[in-house]
Amino acid sequence: MGVRVQEADFDVAAELDALGSLDPDVGAVVSFTGLVRGSGITAMTLEHYPGMTEKALEAIKAEAMGRWPLQGATIIHRVGTLAPGARIVLVAVASRHRGAAFEAAEFLMDYLKTRAPFWKKETAEDGTARWVDARETDTSAADRWRTGDAKAS
Amino acid sequence: MKVLYFAWLRERIGVGSEDVTPPETVETVGDLIDWLRGREARYAAAFEDISAIKVAVDQEQADFDAPLAGVREVALFPPVTGG
């Protein structure tokens, strides 16, 4: 549970079990696991901003906990060099009912992608490396969660 | 004041962080970038397209017009690509 930034892999089943056993009222655990897409690349390196990253993820989690009736939420993001197929990120939430859990998990990912200070660099099969460009679709996905009283940033 | 650079901005400038003492006329993040640009060609090259740069002030998202008074840490970086 909680928010973690780490080089090590994580155990999805153990994380989901921990959320599911938080409280006898938990009726739904929804999770998203992001993987390194392998086509054409030999490695993905993730850089982050130590200090700000953890604060940003805590803020995103707190916003989700405030907007949906959740019993708990987990955000784990890996950094360092990862191989194709490796897990990069896990978001998971526990709630009484599935509706809130599905929505909150999607919200966490959309906000994480646009607000948490991580940067991906891909190494291609020919050895060249390039920074991944931000995608406009990620910004529009995050914007749809904006509420009238939410501050623009 | 500490200035941090990430991703391709860090690579173009050649350092991940540095302590700087800009003159008093440098009042905002935008002023700081203009001042850095004037220092050396590598800064001018890194900040060529300002629309590609995001800002955090004391580890919170901020804008180019954010004031620098009392600020300990300014981070400059490309749009984030985690997840």
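Results, tabulated for the structure shown:
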| item | result |
| --- | --- |
| Among residues of region A:133-145, those that are surrounded by 13 or more Cβ atoms within 10 Å (Cβ to Cβ) and either small (Gly, Ala, Ser) or at pLDDT 95 or above (or both), counted | 3 |
| Residue satisfying condition, being buried (at least 20 other Cβ atoms within 10 Å of the Cβ) and within 13 Å of chain B (Cβ to nearest Cβ), within set A:78, A:115 | A:78 |
| Selection status of residue B:81, of a type in the set (Ser, Thr, Tyr), assigned to a loop (DSSP other than H, G, I, E, B) and away from chain A (no Cβ under 14 Å) | no |
| Residue count, region B:30-59 (criterion: among the hydrophobic types (A, V, I, L, M, F, W, C), out of contact with any helix residue (DSSP H, G or I) (no Cβ under 8 Å at 6 or more places or on another chain) and within 14 Å of chain A (Cβ to nearest Cβ)) | 1 |
| Residue in region A:51-110 that is nearest to the chain's Cα centre (by Cα), counting only those that are under 30 Å from residue A:40 (Cβ atoms) and in a loop (DSSP other than H, G, I, E, B) | A:79 |
| Selection count where residues are open to solvent by less than 20 Å² (accessible area, probe 1.4 Å) and in contact with a Gly (Cβ under 9 Å, 6 or more places away or on another chain), scope region A:92-108 | 5 |
| Residues of region B:3-39 classified as closer than 23 Å to residue A:47 by Cβ and part of a loop (DSSP other than H, G, I, E, B), total | 5 |
| Test result for residue A:135, touching a Lys or Arg at 6+ places or on another chain (Cβ under 9 Å), without any contact (Cβ under 8 Å) to a residue 24 or more places away in the chain and basic (Lys, Arg) | yes |
| Selection within region B:60-78 - open to solvent by 60 Å² or more (accessible area, probe 1.4 Å), outside any loop (DSSP other than H, G, I, E, B) and within 11 Å of chain A (Cβ to nearest Cβ) | B:60, B:61 |
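Matching residues to (1) open to solvent by 10 Å² or more (accessible area, probe 1.4 Å); (2) over 21 Å from residue B:10 (Cα atoms); (3) in contact (Cβ under 8 Å) with a residue 60 or more places away in the chain; (4) more than 12 Å from chain B (Cβ to nearest Cβ):
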residue: A:33; (1), (2), (3), (4): yes, yes, no, no
residue: A:42; (1), (2), (3), (4): yes, yes, yes, yes
residue: A:50; (1), (2), (3), (4): yes, no, no, no
residue: A:54; (1), (2), (3), (4): yes, no, no, no
residue: A:57; (1), (2), (3), (4): no, yes, no, no
residue: A:60; (1), (2), (3), (4): no, yes, no, no
residue: A:90; (1), (2), (3), (4): no, yes, yes, no
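Conditions tested, residue by residue: (1) more than 10 Å from the chain's Cα centre (by Cα); (2) surrounded by 19 or more Cβ atoms within 10 Å (Cβ to Cβ).
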| position | (1), (2) |
| --- | --- |
| B:7 | yes, yes |
| B:11 | yes, no |
| B:16 | yes, no |
| B:21 | yes, no |
| B:24 | yes, no |
| B:27 | yes, no |
| B:30 | no, no |
| B:44 | yes, no |
| B:47 | no, no |
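The values are calculated or read from the model by the stated rules, or taken from the named source; none is laboratory data. This structure is a prediction, so every number in the text was calculated from the model and none was measured. Every residue, glycine as well, gets a Cβ built from its backbone with ideal geometry; the counts of neighbours run over all protein chains shown. Accessible surface areas use protein heavy atoms only, side chains included; no ligands, DNA or RNA. Shrake-Rupley method; radii C 1.70, N 1.55, O 1.52, S 1.80 Å.
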